[in-house]
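The values are calculated or read from the model by the stated rules, or taken from the named source; none is laboratory data. Here the structure is a predicted model, which is why all the values come from computation and not from measurement. Because the Cβ atoms are built from the backbone with ideal geometry, glycine has one as well, and the counts that use them run over all protein chains shown. Only protein heavy atoms, including side chains, enter the accessible area calculation; ligands, DNA and RNA are left aside. Shrake-Rupley method; radii C 1.70, N 1.55, O 1.52, S 1.80 Å.
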Amino acid sequence: LRGPEHGHAIAKHIRRTSEEVLKVETGSLYPALHRLEAQGWIAASWDLSDKGKRARYYRLTPSGKKHLVAQQSKWQAFSRAIGLILNPADQEG
Amino acid sequence: VNSIFRKLSWLIRRRTKEDELREEIQFHLDEETEERLENGLSPQEAERAARLDFGNRTLIREETREAWTWTILEQFIQDLRYAARAIVTNKTFSVAAILSLALGVGANTAIFGIWNGVLHAWLPVFEPDKLVMLSNPDASGMWTGRWVGREDGDRAWLTYGEFEQLRDQSQTFSALMASQSYLDEWQVRFEGSEAEQVRGRLVSGGFFEVLGTTAALGRTFTPANDRADSSYVVISHNYWQRRFSGRPDVIGKTLRLRNATLTVIGVTPRGFIGETIGQQPDMWIPLRMQAAVIPGEDRLRDTPPFKAVWLHVFGRLKPGVTKTQAEAEANAIFQRDLESFYGDRLGESRAEFLDQHLGIHDAAQGVSDLRKGISDSLTVLLVSVGVLIFITRSDLSSRNAYHSSIGGTEMMRNILVVLLTIGASVTVANAQSTCAASGGLNFICNMQAPEDLVLVPGTRFLIASGMAEGSGLHLIDTQAKTARSLFAGGISTARPDATKFGGCPIPLDGKQAVLHGLSLRPAQTGRYTLYATNHGGRESVEVFEVDARGAAPTATWIGCVLTPNKLPVNSVAAFSDGTLLATVLVFPDKTFQDVWAGRNTGVVLMWTPGSKEWRTLMGTELSGNNGIETSADDREFYVVSTGLKRVVAYSRANPSKPLRFAQLKEFAPDNVRLVGDRLITAGMIDNEPACGGAPKKPEDIQCPRGWVADTIDPKTMAITELARGPAAAPYTGTATAMPVGDTLWLSSFNADRVAYRALKH
């Protein structure tokens, strides 16, 4: 997913790239998007979709990018820790 | 700020946002439906599947709206409207609700007081608002090792070497000091005693100077203690009382602390805690002793590439220097030091190591370790108080059956209301109980009975006497509107001059002193002789040398002249040859009733340097001889008669009868002082209705009365009113009026404060 996208495309992207694992209620995406917007991590603007309809497009702000990087490394540390607990042999090898 | 604007703009565009959200969700559903149509579903099936997949739209919209945070404020406003309606419709319920809430709020105001005190208290030091710090204790950081990159903010702590560079090279600070950033626990053993645990800090020699503190007993460290071995310790007043029951022989005692043997050289004044609010060190030791006190480490020298970053650095800016200027200079020195320290050792990461910065921060609140630590737990306490009150409220409101469900946001709102209410009531309570302005006057408090005021010429400082046991002398900064003790007794503040004051038996005991009238006369350049009448421990005129050459005047006791027959003398004035005049207000065989009746009750006494006796100046008998002043040419003197409400002029050569007098009307003049070419006298209004008219019994003069200050031309005795004001309890007892610039300062013989206001009203 590159550049500004509308909610529906984001939902589809998540569904597809997570190999359909993350497919919960699509609707819950919107409160999340608006919360991110309130934090200033993403910004939204209205634009025409490729089918010519008005759609709300979201893009990452610079501070959002920074936050993402920080959260990503936290998540990686966390998932590695979980990995170590579940599969100690794998990691030691 | 950005996010506030973002939220505000949302609030304004609320209607549009609702529409936009609906449109956004509709777009999503349309896209989904379309996709399903392409997969071969019927339009109805496609739409239904899209909706199912999307979830509960109303709920999602609600959740999204909550992300717009201002919901809370809106609900709060709705709540206020609801409350207003409810109070009107159900009065009994409202009274019960308000009473129980008031009770809860009242009971917990104290907690807010602590919270407020911890978070907002100023350091109990001289002119805390002028104090700055170069360390940055609110940043998190390592206390040893290195500090990399400005992205982490200003440097948190400094090394001893960095402090030394700043101390020696800076031109923008009048003084700098360093202190150990954490309170240490030590085991010490006084000679001949058991080992005991104490808490203390290593500090630089300028520590006490920068905080504006002199010893209550003995002496404190000086900057010289940074340069020579200094096996000394200064103990706190609290520890002195607790451990040594306030015995003065504590000075000179030695104690053993790890590898150091230290001698007690001083005790700090009561209430002095140093630079960190919430910590009460028992003792302070020169940083120079670090190797002996913290053995096995050298924290005074940095060995590249490691720096021992462990010190707070505080300072005071030179007059006229801004924080920006000082910060620029400090960073220039700091950068030079960093570059020479790291040299070319660092290779690629060099730039990173040099990218460090010092910030200059206001330090009126001192170090905030405690604030950091305790503010969370106090906040929790406050919130739990809020929860308690919330329970009261929700109980009431559920009984009232208006509200059927109470959610998390309502709890937040309740806590908010409670906090606002507590905050408001504390502000009001503080304003009432403390030093807040009243009757058109502002105050500086916590000085017992500052009866008289003299201005130190060429400075912004007033000296106030303290006519209550142990009140001593006070130094008032008329610009900063702050005061501190100038003399409270102690060995370091006495330097007896036996030649001039051979008849004075022992130095004045600051704890006993009751200092009354003042007279300040020039001595050598930048120095003055201060005379003060005293009733504590002995009846005398006490003499001090005031040194005004430094940033702030200091006072050293140099002698006394005892009065004849232990007669209390009220006011004193000196001629330029050191001859003293002092007034006796009421001889022991007379009373205040005699004063108010206008009968003679007192006299003027004269003492000449070198003589053993005072001489009574016959002809100066007046009704209530009170304030006294000498003329600029030494040829005349002026005596206040409180009973006759007069200022009477006498010839020094022949005082046998008055030359002339000024007749005042409404008020009983108290002290008189020559300011420029005019005499200024002040006192309380006689016929004060609130006090039942003119005083009849001695205790009547304790009643808060209005005040008047007049100027008198000593040549013609023509009177001009300078200022007047109504009774301004708890201020009362106006005795001296002293204009400084465009501000008028008023003393008090019985309140705990001096008053000031604009000269022109």
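Of everything in segment B:38-61 that is of a type outside the set (Asp, Glu) and away from chain A (no Cβ under 13 Å), the residue that is most open to solvent (accessible area, probe 1.4 Å) is B:ARG48. Among (1) modelled with pLDDT under 85; (2) within 12 Å of chain B (Cβ to nearest Cβ); (3) not in a helix (DSSP H, G or I), where does A:GLU20 come up short? Of (1) modelled with pLDDT under 85; (2) within 12 Å of chain B (Cβ to nearest Cβ); (3) not in a helix (DSSP H, G or I), only one is false for A:GLU20: (2). Across segment B:620-629, a minimum of one residue is classified as among the charged types (D, E, K, R), in a strand (DSSP E or B) and open to solvent by less than 40 Å² (accessible area, probe 1.4 Å).
When A:GLY64 is tested against (1) surrounded by 17 or more Cβ atoms within 10 Å (Cβ to Cβ); (2) farther than 20 Å from B:ARG61 by Cα; (3) within 12 Å of chain B (Cβ to nearest Cβ), just one condition goes unmet, and that condition is (3). Assess whether B:PRO695 counts as being at pLDDT below 90 and in a loop (DSSP other than H, G, I, E, B). It is true that B:PRO695 is at pLDDT below 90 and in a loop (DSSP other than H, G, I, E, B). Scanning segment B:323-347 for residues that are over 14 Å from B:LYS307 (Cβ atoms), charged (D, E, K, R) and in a helix (DSSP H, G or I), which turns out most open to solvent (accessible area, probe 1.4 Å)? The residue in question is B:ARG336. Of all the listed residues (B:THR92, B:THR71, B:THR64), the sole one being within 14 Å of another protein chain (Cβ to nearest Cβ) and at pLDDT below 75 is B:THR71. Screening B:VAL640, B:VAL561 for residues that are buried (at least 22 other Cβ atoms within 10 Å of the Cβ), touching a Phe, Trp or Tyr at 6+ places or on another chain (Cβ under 9 Å) and closer than 24 Å to B:ALA464 by Cβ leaves exactly one candidate, B:VAL561. Against the definition (without any contact (Cβ under 8 Å) to a residue 12 or more places away in the chain and either touching a Gly at 6+ places or on another chain (Cβ under 6 Å) or over 21 Å from B:TRP310 (Cα atoms) (or both)), how does B:GLY192 come out, yes or no? Taking the combined requirement at face value, the residue satisfies it. Can you find even one residue in segment B:673-688 that is touching a Leu at 6+ places or on another chain (Cβ under 6 Å) and either open to solvent by less than 60 Å² (accessible area, probe 1.4 Å) or free of Cβ contacts under 8 Å to residues at least 60 places away in the same chain (or both)? No, segment B:673-688 has no match at all. Quick one: is B:ARG227 among the basic types (Lys, Arg) and over 22 Å from B:GLY252 (Cβ atoms)? Yes. Within segment A:42-54, does at least one residue satisfy the condition of being at pLDDT below 85, within 19 Å of B:ARG51 (Cα to Cα) and within 8 Å of chain B (Cβ to nearest Cβ)? Checking segment A:42-54: not a single residue is at pLDDT below 85, within 19 Å of B:ARG51 (Cα to Cα) and within 8 Å of chain B (Cβ to nearest Cβ). Residues of segment B:159-186 that are open to solvent by 10 Å² or more (accessible area, probe 1.4 Å), closer than 19 Å to B:VAL234 by Cβ and assigned to a strand (DSSP E or B): B:ALA175, B:LEU176, B:ASP184, B:GLU185. Filtering segment B:700-724 to residues that are open to solvent by less than 10 Å² (accessible area, probe 1.4 Å) and in contact with a His (Cβ under 9 Å, 6 or more places away or on another chain) leaves only B:ALA723. Once segment A:27-41 is narrowed to residues that are more than 19 Å from B:PHE27 (Cβ to Cβ) and at the interface with chain B (Cβ under 7 Å from one of its Cβ atoms), the residue that is most open to solvent (accessible area, probe 1.4 Å) is A:ARG35. For segment B:604-619, residues that are touching a Phe, Trp or Tyr at 6+ places or on another chain (Cβ under 6 Å) and in a strand (DSSP E or B) total 2.
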